[in-house]
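For reference, the structure discussed in these notes is given below.
The values are calculated or read from the model by the stated rules, or taken from the named source; none is laboratory data. Since we're looking at a predicted model, the values are computed, not measured. In this analysis, Cβ positions are derived from the backbone assuming ideal geometry, glycine residues included, and neighbour counts consider all displayed protein chains. Quick note on the areas: whole protein, heavy atoms, side chains included, nothing else; ligands and nucleic acids left out. Shrake-Rupley method; radii C 1.70, N 1.55, O 1.52, S 1.80 Å.
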Amino acid sequence: MENINREEELSGLINALPQGRSFSKIAEKVVADERITDEEGLFLFEKASLGVSATLANYIREKKYGDKTYFNRNFHIEPTNVCVFACKFCSYSRLYAHRDEGWVLSKEDMMNIVKSYDGKPVTEVHIVGGVHPKMDLDFFCDFISEIKAHRPDLHIKGFTAVELDYMFRKAKLSVTEGMKRLNEAGLQSMPGGGAEIFDAEIRKQICHDKVDAEGWLKIHEEAHLLGMHTNATMLYGHIENYSHRIDHMSRLRNLQDKTGGFNTFIPLKFRNQNNDMSNVPESSIIEDMKMYAIARIYMDNFPHLKAYWPMLGRQNAQLSLSFGVDDIDGTIDDSTKIYSMAGSEEQNPAMTTEELVTLISQAGRVAVERDTLYNEIKSFASKNDAEFDVMLN
Ligand code: V47
Ligand code: SF4
């Protein structure tokens with residue numbers, strides 16, 4: 001009964017807006033759980049007011065999860081910032097030719113990081129870094145097995161398709177063989193990095209020498225076939241246009257139809273400090289919220305939409321919870337440098353569980369700790385409805 005009322009309410013609300021027939025058609029599709037087309041997605045980017053997209057995205061978000069907002073307790077290991085690639089937007093890496101300016105952790109250094117979390121209730125380690133020729137497949141398979149032997153309960157999420165593509169080519173292995181080796185060593189999930197924007201022309205201008213769209217998608221598909229779950233990102237707000245964003249999301253939506261292996265879509269706002277694209281202005285907060293809202297509406301087969309708070313900033317991450325976002329990543333710690341180096345206001349991207357829970361409840365949502373696969377671990381509900389009913393009546 002409550003759902004019917006909400007649906008009627010939403011249709012009424014959208015129809016009452018002076019925005020024309022196309023909006024009501026999109027709203028009707030959202031209410032009926034139907035997929036919107038690429039043209040409709042583009043139409044939302046170009047014509048819809050932020051309020052309309054937000055209303056639709058929030059409707060979907062609340063229908064799926066109510067007020068629940070997920071986070072996990074994780075820590076990052078960045079094995080190196082030395083990288084053979086030369087992405088123009090990257091503020092973090094040091095070219096291999098300048099490797100003395102960067103850092104390279106040994107297996108022992110990295111195991112010491114893992115051990116520093118002994119006895120702490122973290123559930124995931126996230127491992128991503130630059131692409132260093134000496135850190136090859138054998139090196140990482142050994143490292144992963146060592147983590148598993150030391151702490152079997154820790155979920156290992158690691159390596160972008162960019163790192164994997166390089167490792168597999170160097171080891172002269174097919175994607176299937178390479179993924180299988182890592183999976184057998186203990187790799188359980190993959191993060192969504194390296195996707196940037198799939199369009200070949202834009203890729204040529206911002207990251208010409210790393211894996212292309214087809215290669216990125218193939219690696220994720222293989223991971224899904226092995227039963228692993230992965231995420232997908234999109235770097236937006238630089239030189240791409242709205243059609244490129246739709247094209248990117250469409251390719252991901254198609255692969256998800258095929259495999260169902262993606263957990264989360266993560267739009268990443270381009271930050272412009274200390275990189276070769278510093279002349280490109282950053283997107284506005286309105287544009288950021290629009291991106292989240294349209295992603296929630298368009299990516300109908302992606303279970304979750306994440307705002308990565310170290311990049312977006314805490315307050316904007318809170319705001320995003322009204323624009324379709326249901327996940328704000330993790331507690332992390334101070335070991336991730338990728339965004340502080342690119343100009344994020346989060347110079348120390350560490351938050352305790354208490355701070356994260358407060359951030360989420362200040363935005364009127366309920367914080368729920370999850371594991372990597374979104375199994376719920378603990379809900380941090382504040383006052384329940386009944387308690388408020390008593391207070392307000
Ligand atoms: O692929 C690099 C991005 C990504 C900049 O899957 C930049 O849970 C903005 O993918 N401005 C790597 N973005 C990080 C990543 C990630 C992070 C957190 C969680 C997950 C997950 C994945 O960082 C790169 C690139 O798109 N990036 N430089 C920059 N200047
Ligand atoms: Fe290397 Fe990744 Fe930076 Fe590109 S974004 S230069 S692949 S670390």
When the stretch 223-234 is checked residue by residue, the ones that are open to solvent by 20 Å² or more (accessible area, probe 1.4 Å) and part of a strand (DSSP E or B) are H229
Taking K210 as the residue in question, decide whether it is in a loop (DSSP other than H, G, I, E, B) and among the basic types (K, R). yes
How many residues are part of a helix (DSSP H, G or I) and of a type in the set (D, E) when one looks only at the stretch 99-145? 6
Which listed residue is closer than 20 Å to Y292 by Cα, free of Cβ contacts under 8 Å to residues at least 60 places away in the same chain, in the same structural domain as G313 (by TED's automatic domain parsing) and open to solvent by less than 10 Å² (accessible area, probe 1.4 Å), from H248, H220, H244: H248
Looking only at the stretch 167-190, decide whether some residue is under 15 Å from the mean Cα position of the chain (by Cα), within 16 Å of ligand 2 (Cβ to nearest atom) and either closer than 23 Å to L305 by Cα or assigned to a loop (DSSP other than H, G, I, E, B) (or both). yes
Find the residue count for the stretch 183-199, including only residues that are touching a helix residue (DSSP H, G or I) at 6+ places or on another chain (Cβ under 7 Å) and more than 16 Å from ligand 1 (Cβ to nearest atom). 2
In the stretch 191-209, the residues that are under 21 Å from the mean Cα position of the chain (by Cα) and open to solvent by 30 Å² or more (accessible area, probe 1.4 Å): D199
Would you check which residues across the stretch 100-120 are touching a strand residue (DSSP E or B) at 6+ places or on another chain (Cβ under 6 Å), within 15 Å of ligand 2 (Cβ to nearest atom) and over 17 Å from N274 (Cα atoms) and list them? V104
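Against the definition (open to solvent by 10 Å² or more (accessible area, probe 1.4 Å), away from ligand 1 (no atom under 15 Å from the Cβ) and touching a residue at least 60 places away in the same chain (Cβ under 8 Å)), how does Y298 come out, yes or no?
no
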Restricting to the stretch 279-290, give me the number of residues that are surrounded by 15 or more Cβ atoms within 10 Å (Cβ to Cβ) and among the small types (G, A, S). 1
Odd one out for A27, checked against (1) modelled with pLDDT of 95 or more; (2) not assigned by TED's automatic domain parsing to the domain that holds S379: (1)
Please go through the stretch 260-288 and pick out each residue that is touching a Lys or Arg at 6+ places or on another chain (Cβ under 7 Å) and either aliphatic (A, V, I, L, M) or within 15 Å of ligand 2 (Cβ to nearest atom) (or both). I266, N275, D276, M277
Residues satisfying the stated conditions in the stretch 51-64, i.e. surrounded by fewer than 18 Cβ atoms within 10 Å (Cβ to Cβ) and either at pLDDT 95 or above or closer than 21 Å to L359 by Cα (or both): E62, K63, K64
Being of a type in the set (D, E) and crowded, with 23+ Cβ neighbours inside 10 Å is the filter here, so list the residues in the stretch 125-175 that pass it. E163
Exactly one condition in (1) open to solvent by less than 60 Å² (accessible area, probe 1.4 Å); (2) within 12 Å of ligand 1 (Cβ to nearest atom) is not met by K88; state its number. (1)
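Considering the stretch 317-368 alone, what residues qualify as being polar (S, T, N, Q), at pLDDT below 90 and open to solvent by less than 40 Å² (accessible area, probe 1.4 Å)?
T331, S335, T336, S340, S344, T353
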Can you pull out every residue in the stretch 110-124 that is open to solvent by 60 Å² or more (accessible area, probe 1.4 Å) and under 14 Å from E369 (Cβ atoms)? K120, P121
